[in-house]
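Take a look at the structure below.
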Amino acid sequence: MAKLQQVFKRYGLLILGILLLVAPLVSAQYQFYVLERGVQNAIHVMGLLILIGYSGMLSLGSAGLLATGAYAYALLLLKLGFSPWLGAIFAVVITTLVGLCLAFPAFRLSGPFLAVTTIGFGEIIRILILNLEPITGGAYGVSGYSKLFANELHVYFFMVVALICIAIGTERLGRSRIGLALKATKEDEIAAEVMGVNVKRAKVVAFALSAMLAGLSGVILANLAGYLSPDSFTSAESSSYLLMVVMGGMNSAIGVIVSSIVVTWLPEVLRFLSSSRLLVYSLVLLVYLRINHVPATRERFLGILRKFGIRRAADAAEDPCGERGAGM
Amino acid sequence: MWRTGGWNVMTEQKKRGKAILQVQDLTKRFGGLVAVNNLTLDVCEGEICALIGPNGSGKTTVLNLITGIYEIDGGSVTFENAQIQGEPPHSICWRGVARTFQNIRILGGQTVFENALLGKGYGNGGSGVLQTVLDTVKFRKERETFTAEVDEILEFVGLSDLRNERARNLPYGKQRILEIGRALITKPRLLLLDEPAAGLNSKEIYDLMELIEKINDRGITVLLIEHRMELVGKLANLVFVLNHGSKIAEGSFDVIKEDPAVIEAYLGKGGN
Amino acid sequence: MSKKLMKRSLFLLVISALLLGTAFVASAQPESYRIVHLAPLTGDASFQGQILVNAAKMAVDEINANGGINGVPIEYLTVDETSSTATGIEAVRKAIDLNPVAVIGPNRSGTILAAEDLWREAKIPFITDGTNADTTRKGNPYTFRIQIASTYWIPILAHTAKEYYGVEKAAIIYGTNEYSKGLYDATAPALEQYGIEEAIVQTYNDGDRDFTAQLLRIRASGAQAMFCYGYEAEIGMILRQRMQLGMGDLLVFGERGCSSPAVEEVAGKENIEGLVASTTLSQADPDPKRQAFMEKYNNMFPNEPLSPTHVNHYDSIYILADIIGRVGADREAIRDELANLDYQGTLAHYRADSEGNLVHTIYTQVVQDGEWVLLLEENHYNE
Amino acid sequence: MTPAILIQLAVNGIAIGAIYALPALGISLIWNAAGLFNFAQADLLTLGAYVMYALVVSAKIPYIWAFIITTIVMGLLGYLLSRIYFYPMIENRVNPHIVLIGTVALSVFIQNLLLVIWGTTPKSVVNPFGYMPFRVGDIFVMPHVVWIVAIVSVLLLLLQFFLRRTLIGTGMRAVAQQQIASWLMGIRNDRMIALTFLLSTAIAATGGVLISAVFPLTPRMGSMIAVKAMAAVLIGGLGSFSGALVGGLAVGISETIFATLVNPAYRDVFIFAVLITFLIFKPGGIFKAEISEKV
């Protein structure tokens, strides 16, 4: 069993990738679409892993960057006549640049101050899309742009391959000196500075990478949906992305992929919850944070788990993947 | 009461080598409070200097000013003939000034190795994001050198066997050592230690003194803040005494411990 | 762990899909006729969705209690359209995956516009509910609309304003959502048609609660009347603040949303006096069949007060039942029948036009002394 | 734009700004005591408004009594929140980001709780101050404007008195300034922080009661108010008592005037733009807050 765990730890991403690639062969059309959305979300949330998980900069406006990517793609194609691939590349570049603007407030702000700024940013983007009607189509949204692939399945394969590559890159980054610099920024900005970490640069990197991934995810969203409207990019969406990154453990790429797909899928499994879906999510998140971060409660909880014979789960929870971040 | 040097200092100055750190008329104000007042001190290459003074005399503030954490209100800081005031902390670190903190600031959730690796900093050359993500040859080579360097230092400070332990699980004394080790990774020429002996037991203090001497033997200049006088007496070539942000004495430990101004500062007026 | 779960559920889904497929092929006489209802059951529009489903469910229960369609019961399933377009598209896919004979909904114009290609490919007739005129203009032969299109609706309102109230100069205020925007787009031509001058156009964002700015501008523009489009909470607030700013003599014309009881609740009874609204079912309609329907509805769902504009799906179910009873479960045949519909329902008389609108009677009513009074009843068939 | 219209706008802005000031004040109080930025403060306000609705409309309790009960019930809820949720996390020195995420989760939780219990149909509570505006020259003033400003002023004075002159208030301020020192002095931090939560939730509830007279209640209302309250507290200066009030009024008045003079659709964009400018160029707000870290 332990060996199996070892194997999974080592080849987890590979196994996950193969599973995802095989999935369309065995899923019905609608389930497949939900899976596609899950993978697309995972790409976005991978960026949040770098930003929130590694660097500890709480962003509550990530839907705004997603919107930027999606709309940039659609509008470049429709208004400026770009070819799809060129449009996609430019859309990602534009989103990265917009995301970089957010790094500047982050130089001086942290914690709640930054979080409020990102909320504001997300709302500004949404209101602009809603009201700049001649360009963005306003509340009607935009449609009728051409797509990257004619075959929907190809979008999916492209997405999965991209996701796995991004996940590998993110993992590498997390273990490297740069990842360490980001994590140090989260825990102790001053200590990091004194140790020779250029914190500003680290923040720029974190924002740029997360914006780039949000842009890519947005481009893919535009390709999946074939239609964009502002109500897909509300602040409520931003909080569900936050949920995905927190439930993913805030420290591992595999965790992010699994939690993004599961959280995207959950409404289907939890049909009976209907309107109380988000209620359950947020409650789970509240309880999880409380149990996991207060040692006394955690011990008691693990004790209960052990009592009921769920020993292995309890031991695993003690140190998931052996990669627990401080305070994470 | 002002006592900046005397003839003994002058003679010592002759014996001293080239100045590595020169602090000139350093001043820092917090609102109406003057935390550091026209402080001038020199630290020369290869020395172990100590900065002492009663609580609240501004010692840590001086370190924060040298390392660029606080903005300087007046005066200058020169390190190896270059003025460094106004530079951000990371670039002061890259110049070769490393420090530890009074209250330990390590990454509790990361391993000892990772904590030490943080001393390699970020932004001063080396592999960038793209190379890291693509795992290029250059990045791999760099990683190997880094690993070797970090392991060498861990060996040097005696933390090799705890390499993969989480930092927060280390005993307090080892955490202090880890912080010093991390500072050494940055390849400093000047090491600033902020109360390294605070909270240690006598055995640990003894080990610490040995370590500091070993570090000094490597050619690293040390400036330390300390309350433990036995440690100061044993290690420091030169002691600066601070009170209310001003330097009230400077000299060898044996000289300043007899200095009435210093005794008054520590024991209050009427002290003997 | 979760991967295992995922895989297992995938397998189950595949198997169930296969079983479903074979079930349909195997028997010529189905065990039930499956109708899927897409409605916003969660999110901001969920209170509308609940009313839509209630009305449809009432009809299904009545039909099934009377032995179904030629002895075959209706299998009625709801799918949550949610209140956002992205998830709305997912819901449409899900509805199609359930392989129904026909779909009722979607309710939101945004979802209809976004997902239309999906059911064009699936070849399933959809009886939608959005007012946005464009939704039936995309040349999708499977799209029908039981709701009145804004292009039918607004001219009646403009006509009323001109003929009954002598309005010469009118302002427009609308929310930046696809529903209100659709109504606004139909307003300018209608005003022009009846020779009313457009004084000023104001917009607001959903969720706004302070409309002082817009109302003051409207007052400054010298408009005699205001065409007011949006969701219940915002319209209620606009009506309330109009009184607070002493603009009681400004006439207000609204679309179906205005006759929802929620508007009255938000605005306060005294603040909606004189409000003119056009609707598909009037509270003041003396017709005994409709009065009986309203009474039955209110008895069954006392907590979800009837909003006269969201109950037409009661008739949608009867229309589908009638057609299926004649042509069976053949979707093409159902589509053809819908395209040539001429049906006397409980709530109205429905007749299809060339775009797929199942056009029916429009009522215009006004609040007088706190009660809705029927102003005029118009059969707006242009064919 | 005549002066009368400007005054009219300012009057409306003051009333709404006074309401923004209440959750802003709550955020400041908790920030001082516990170093915690509560993103759910405006949702607690909304919850208070719904409790008021339940008491007045559903349970038909007289208005004044319902007001008092709402404030007490919500205060106790705040106390419990601190005791069973937030204090244990603060005590264990959990990374502030985690606690912050906890408050975001709380905000989502409250919004959806309201949604599940009361649905999305807008609810409204009778305006106890009457609907008929009185006229001062060319200006129409709603009675509730006067009442809201009066109630908020009285509340602020009481609060000021409580914090400065009573023993508990002094204890709370002591905790806010130096947790360890105050603990050594025998002040129970957990109780003081819980009391701060109690106080700020009760203040938010009062805001909820006042807002229920003016706005229809929807579960998402909290998000809209949160934006303004956070803008108010950061513009005024986080942790500052007067900052919350001045910030609230500034946001209320400036957004109303901006909407009229420029464009109502960009009202929130304007507020955010001002806020972000403030955060970047004057991060301490008008009344400079202490946000520097002890090294």
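The values are calculated or read from the model by the stated rules, or taken from the named source; none is laboratory data. On a predicted model such as this, the values are computed, not experimentally measured, just so you know. Here the Cβ positions follow ideal geometry from the backbone for every residue, glycine too, while neighbour counts run over all protein chains shown. Just so you know, the surface numbers come from the protein's heavy atoms only, side chains and all, with ligands and any DNA or RNA stripped out. Shrake-Rupley method; radii C 1.70, N 1.55, O 1.52, S 1.80 Å.
Results, tabulated for the structure shown:
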| item | result |
| --- | --- |
| Distance (nanometres) between label positions extended 7 Å along Cα→Cβ at C:Glu371 and A:Trp85 | 7.2 |
| Of B:Lys59/B:Lys257; B:Lys18/B:Lys174; A:Lys186/D:Lys282, those spanning more than 29 Å from alpha-carbon to alpha-carbon | B:Lys18/B:Lys174 |
| Candidates A:Leu153, A:Leu58, A:Leu216: whichever shows maximal mean-square fluctuation once chain A is modelled as a Gaussian network with Cα springs under 10 Å | A:Leu153 |
| A/D buried area, accessible surface, summed, 1.4 Å probe, Å² | 3900 |
| Principal-axis tilt of helix D:189-214 within chain D, Cα atoms, nearest 10 degrees | 10 |
| At least 24 Å along the helix axis (C-alpha) and Kyte average at least -1.0, DSSP helices within chain C | C:2-26, C:46-65 |
| Qualifying GluC sites (Glu not before Pro) for region B:223-272 [loop in DSSP, other Cβ within 10 Å: at most 15] | B:Glu258 |
| Where A:Ser55, A:Ser239 fall by accessible area, highest first, once all protein chains stay in place (1.4 Å) | A:Ser239, A:Ser55 |
| Helix-only mean residue ellipticity at 222 nm for chain C, each DSSP H run of n ≥ 4 adding -39500 (n - 2.57), per residue, nearest 500 | -14500 deg cm²/dmol |
| Accessible surface buried once A binds C (1.4 Å probe; total of both sides; Å²) | 3100 |
| Within chain B, percent of DSSP bridges classed antiparallel, to nearest 5 | 55 |
| Of the DSSP H helices in chain B, those whose Cα atoms cover at least 18 Å axially and whose Kyte score averages -1.0 or more | B:137-157, B:172-185, B:202-217 |
| When each of B:Lys138/B:Lys187; A:Lys183/B:Lys247; A:Lys203/C:Lys94; B:Lys28/B:Lys203 is checked by Cα-Cα distance, pairs over 30 Å | A:Lys183/B:Lys247; A:Lys203/C:Lys94; B:Lys28/B:Lys203 |
| In the D-C interface, the accessible area buried, summed over both sides, Å² (probe 1.4 Å) | 2700 |
| Crossing angle, helix A:177-187 versus chain A [Cα axis fit, 0-90 degrees, rounded to tens] | 80 |
| Placed amide H near C:Val79: partners under 5 Å, 5+ positions off or other chain | C:His37, C:Leu38, C:Ala39 |
| Normalised contact order of region D:199-295, rounded percent, pairs of Cα under 8 Å and 6 or more residues apart | 28 |
| Rounded accessible area per residue of chain B, 1.4 Å, Å² | 44 |
| Residues in region D:1-32 reached by a label modelled at C:Ala220 [backbone nitrogen below 15 Å; 7 Å Cα→Cβ] | D:1-10 |
| Estimated inter-spin distance, C:Ala292 and B:Ile263, nm [label 7 Å along Cα→Cβ] | 11.3 |
| Solvent-accessible surface (1.4 angstrom probe) belonging to C:Arg331, in square angstrom, nearest 10 | 60 |
| Carbon/sulfur fraction of accessible area - the protein assembly as shown, other protein chains in place, 1.4 Å, % | 60 |
| Relative packing of peptides A:297-305, D:10-18, C:249-257, A:177-185 - highest average C-beta neighbours within 10 Å first | A:177-185, D:10-18, C:249-257, A:297-305 |
| R0 of 25 Å, Cβ-Cβ distance A:Arg175-B:Lys187: FRET efficiency to nearest 0.05 | 0.65 |
| Partner chain coverage, peptide A:230-243 - average Cβ within 10 angstrom | 5 |
| Accessible area expressed per residue, chain D, with surrounding protein chains retained (probe 1.4 Å, Å²) | 38 |
| Highest-MSF residue in chain A out of A:Gly248, A:Gly17, A:Gly218 [GNM, Cα springs under 10 Å] | A:Gly17 |
| Mean ellipticity per residue at 222 nm, deg cm²/dmol - from DSSP H runs of n ≥ 4 across chain B, formula -39500 (n - 2.57) | -11500 deg cm²/dmol |
| Amide H partners (placed H, <5 Å) of D:Gly35, local residues excluded | none |
| Reduction of at least 10 Å² in accessible surface, 1.4 Å probe, comparing all protein chains with the chain by itself, residues of region D:22-37 | D:Trp31, D:Phe37 |
| Accessible area in square angstrom per residue, chain C, 1.4 angstrom probe | 35 |
| Sites B:Asp73 and D:Leu167 - FRET efficiency at Förster radius 56 Å, r taken between beta-carbons, to 0.05 | 0.90 |
| Accessible area in the full protein assembly, largest first, 1.4 Å probe, for C:Glu197, C:Glu332 | C:Glu197, C:Glu332 |
| Cβ-derived FRET efficiency at R0 41 Å, C:Ala65 paired with A:Leu153, nearest 0.05 | 0.35 |
| With all protein chains modelled, accessible area of B:Asp254 [1.4 Å, Å²] | 100 |
| Nearest 10 degrees, 0 to 90: helix D:63-80 Cα axis against chain D principal axis | 30 |
| Chain D: calculated mean residue ellipticity at 222 nm from DSSP helix runs of at least 4, using -39500 (n - 2.57) | -24000 deg cm²/dmol |
